[in-house]
Each structure stands twice: as C-alpha cells, then as structure tokens.
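I have placed the structure first, in the form of structure tokens, so that the comments after it can refer back to it.
What follows draws every value from the coordinates through simple rules; no lab data is involved. Predicted model, so just to flag it, every value in this text is computed and none were measured. Here the Cβ is made from the backbone with ideal geometry for all residues, glycine too, and neighbour counts use every protein chain on show.
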Amino acid sequence: MYTSLNRLNDASSQRIVIMRIMRIIEKYPEVWRVFHEPIQNAIDAIQRRADLSEGVIELKVTVHTGTVISSDNGTGFRQ
C-alpha cells in the first residue's frame, strides 16, 4: 500500500521515490542493474541542487549499439 506523494513533505516523498526505484531495480536480473548507477548518480546530483523544485532524469537506451545515455538537471560532474 502506497501513500499519496502529495500528502508528504518533499524530503519524505523523495525518500519514498528513491526506495521505490531501488526495489524495482533489485527485482531484475543483475544484467539490468546497469541502470542503477546512472540513476543513483543522477539522484545524487539533483539532491545537491537546492534551487531545483523538480528533478529530471532521462535515460536513452539504444539496443542495437548497446549504449545507455543518462542525463539529468543536477549539479553535473564535480572536480
């Protein structure tokens, strides 16, 4: 049973969304976990941006070339 995210504060709803994503990923065979790292990195980058009201994560999967491209509106790479 899931609680409506509209009823929760931002921090609580973020934790719930992250946990939902993690549970979904863990159910798939290990080969599909290639998506876990880019998604987790995107979540981390988005959480570092205090000025965002909404995070965006996009994954582009091209099967015939075997590529996965990840993008988000987080902080980007840090040096």
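Each of the peptides 67-73, 38-44 was scored by the mean count of other Cβ atoms within 10 Å over its residues; in descending order, highest first, they stand as 38-44, 67-73.
Here each label is just a point 7 Å from Cα along the line to Cβ, and for Val17 and Arg49 those points are 1.2 nm apart.
Shape call for region 10-79 from the C-alpha gyration tensor, a ≥ b ≥ c root eigenvalues: rounded (a/c under 1.5), prolate (a/b greater than b/c) or oblate? It is oblate, given that a/c is not under 1.5 and a/b is not larger than b/c.
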